[in-house]
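Participant: First the structure, which I've put down as structure tokens, then a few questions once you've had a look.
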Amino acid sequence: MSQFNDYYANTGAGGGGFMTGGSPYGSASGSPGGASRKSEIAHSLRPLTVLQLLNATQAHSDAEWMLDDTELGQVTVVGHVVSIQSQATNNLYWLDDGTGRIEARHWIDSSIEESEPGSSAITEGSYIRVSGTLKMFGSKRYVNATHIRPVKSPHEIYFHLLEAMTVTLIWAKGAPPRAGQNPSTTIPQAQVAGPPAVGGSAYAAQSHPPATTNNQYSHLPKLEYTIITFMLSQPSKEEGVHVRSIARAVGGNAAAISDALDKLMDDGLVFTTIDDSHFKVAD
């Protein structure tokens with residue numbers, strides 16, 4: 001077992017920030033939606049910073065937590081223990097990881113407390129890893145900790161921050177190409193050929209080679225062609241491409257992009273996948 005996997009000891013998770021057997025994209029088998037999809041998300045473990053936890057949103061009290069239009073399941077965070085409040089039924093830890101502070105509440109169960117080695121050794125001023133789910137009580141959000149343990153190595157602190165950044169980038173831009181795989185372009189030809197579109201990234205336009213022309217779609221209006229070319233340039237994923245990624249790459253008016261996607265769906269060129277925000281090019 002690698003040193004990185006040891007960082008997830010006693011949490012039921014493997015390396016990479018997700019539960020053993022999980023992935024940022026869900027399972028490749030079964031239906032992309034429905035109960036199986038929710039089960040996969042519920043059992044995934046995503047490394048986050050405190051600031052990301054504070055930036056997560058909830059449509060209503062019973063809704064799932066979302067971060068950058070991505071649903072959160074289990075979360076893990078590494079932080080400095082500012083204070084500890086021990087109560088009869090739970091221990092309350094105030095955590096600070098340099099990006100913000102959040103409360104972690106660990107409920108005491110005598111039947112399983114002995115299975116949490118090191119939890120009794122947690123002191124103020126130490127670093128700990130907390131895994132659990134994000135909750136809200138009144139106006140205060142907190143991590144309902146199912147696993148909590150001391151950090152044994154300073155390298156784990158840096159590893160967690162790097163892993164949180166890596167997983168966030170994978171969700172936003174797709175997985176990097178594997179060894180021997182030809183890297184996919186991420187910016188469509190229409191944007192690279194001239195000045196970046198309104199709201200587009202000048203840096204992105206300079207840092208990616210032009211995409212090849214897709215004659216099959218050359219009859220489409222410019223915006224629709226740009227959208228579909230960008231989607232084709234992305235790594236193939238079961239859930240397709242999120243509308244946020246499309247808008248970020250294409251730039252311009254959000255309403256115009258929405259109308260263009262509706263037109264592409266009406267023409268049978270793209271379709272939605274796991275929800276109304278993920279799109280995939282029809283074969």
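Participant: State whether the residues of the range 16-25 include one that is assigned to a loop (DSSP other than H, G, I, E, B), open to solvent by 60 Å² or more (accessible area, probe 1.4 Å), of a type in the set (Val, Ile, Thr) and modelled with pLDDT of 55 or more.
Facilitator: At the first step, the residues of the range 16-25 found to be assigned to a loop (DSSP other than H, G, I, E, B) are 18, 20-25.
Checking the rest, the ones that are also open to solvent by 60 Å² or more (accessible area, probe 1.4 Å) come to 20-21.
Restricting the remaining residues to those that are of a type in the set (Val, Ile, Thr) gives 20.
Next, from what is left, pick out any that are modelled with pLDDT of 55 or more: none.
Checked against the condition, which is being assigned to a loop (DSSP other than H, G, I, E, B), open to solvent by 60 Å² or more (accessible area, probe 1.4 Å), of a type in the set (Val, Ile, Thr) and modelled with pLDDT of 55 or more, the range 16-25 yields no hits at all.
Participant: Another question, if that's okay. Conditions: (1) at pLDDT 90 or above; (2) on the phi > 0 side of the Ramachandran plot. LEU92 meets all but one. Number of the miss?
Facilitator: (2)
Participant: Search the range 62-89 for residues being open to solvent by 20 Å² or more (accessible area, probe 1.4 Å) and touching a Gly at 6+ places or on another chain (Cβ under 8 Å), and hand back the single one that is modelled with the highest pLDDT.
Facilitator: Top of the filtered list is HIS80.
Participant: Separate question: Tell me, which residue of the range 139-173 that is among the small types (Gly, Ala, Ser) and more than 16 Å from LEU72 (Cα to Cα) is least open to solvent (accessible area, probe 1.4 Å)?
Facilitator: Residues of the range 139-173 that are among the small types (Gly, Ala, Ser), as a first pass: 139, 145, 153, 164, 172.
When the remaining residues are screened for being more than 16 Å from LEU72 (Cα to Cα), the result is 139, 153.
On the way: SER139: 116, SER153: 26 Å².
Per the stated criteria, the residue is SER153.
Participant: Taking the range 134-168 as the search range and keeping residues that are farther than 20 Å from TYR93 by Cβ and among the hydroxyl-bearing types (Ser, Thr, Tyr), which one is modelled with the highest pLDDT? Walk me through how you get there before you give the answer.
Facilitator: In the first step, residues of the range 134-168 are kept if they are farther than 20 Å from TYR93 by Cβ; the result is 155, 158-159, 162-163, 165-168.
Next, from what is left, pick out any that are among the hydroxyl-bearing types (Ser, Thr, Tyr): 158, 166, 168.
Working: TYR158: 94, THR166: 91, THR168: 89.
Checked the range 134-168; the qualifying residue modelled with the highest pLDDT is TYR158.
Participant: Please go through the range 206-224 and pick out each residue that is in a helix (DSSP H, G or I) and either at pLDDT 90 or above or open to solvent by 40 Å² or more (accessible area, probe 1.4 Å) (or both).
Facilitator: Filtering the range 206-224 for residues in a helix (DSSP H, G or I) gives 206-207, 215-217, 222-224.
Once the filter is applied, which keeps residues that are in a helix (DSSP H, G or I) and either at pLDDT 90 or above or open to solvent by 40 Å² or more (accessible area, probe 1.4 Å) (or both), the range 206-224 yields GLN206, SER207, ASN215, GLN216, LYS222, LEU223, GLU224.
Participant: MET136: open to solvent by 70 Å² or more (accessible area, probe 1.4 Å), among the aliphatic types (A, V, I, L, M) and within 16 Å of THR99 (Cβ to Cβ), yes or no? Break it down stepwise before answering.
Facilitator: Numbers: open to solvent by 70 Å² or more (accessible area, probe 1.4 Å): yes; among the aliphatic types (A, V, I, L, M): yes; within 16 Å of THR99 (Cβ to Cβ): no.
Taking the combined requirement at face value, the residue does not satisfy it.
Participant: Can you pull out every residue in the range 260-270 that is without any contact (Cβ under 8 Å) to a residue 24 or more places away in the chain and not in a helix (DSSP H, G or I)?
Facilitator: Residues of the range 260-270 that are without any contact (Cβ under 8 Å) to a residue 24 or more places away in the chain, as a first pass: 262, 265-268.
Scanning the range 260-270 gives ASP267, GLY268.
Participant: Give the range 236-278 a look and list any residue that's closer than 21 Å to THR168 by Cβ and of a type in the set (Phe, Trp, Tyr), or say none.
Facilitator: none
Participant: Something else: Given the conditions (1) more than 14 Å from ALA164 (Cα to Cα); (2) modelled with pLDDT of 60 or more, and given that ALA9 satisfies all but one, which numbered condition is not satisfied?
Facilitator: (2)
The values are calculated or read from the model by the stated rules, or taken from the named source; none is laboratory data. Nothing here was measured: the structure is a model prediction, and the numbers come from that model. A quick note on method: Cβ atoms are made from the backbone with ideal geometry, for glycine too, and the neighbour counts reach across all protein chains shown. Protein only, heavy atoms only, side chains kept; ligands, DNA and RNA dropped before computing areas. Shrake-Rupley method; radii C 1.70, N 1.55, O 1.52, S 1.80 Å.
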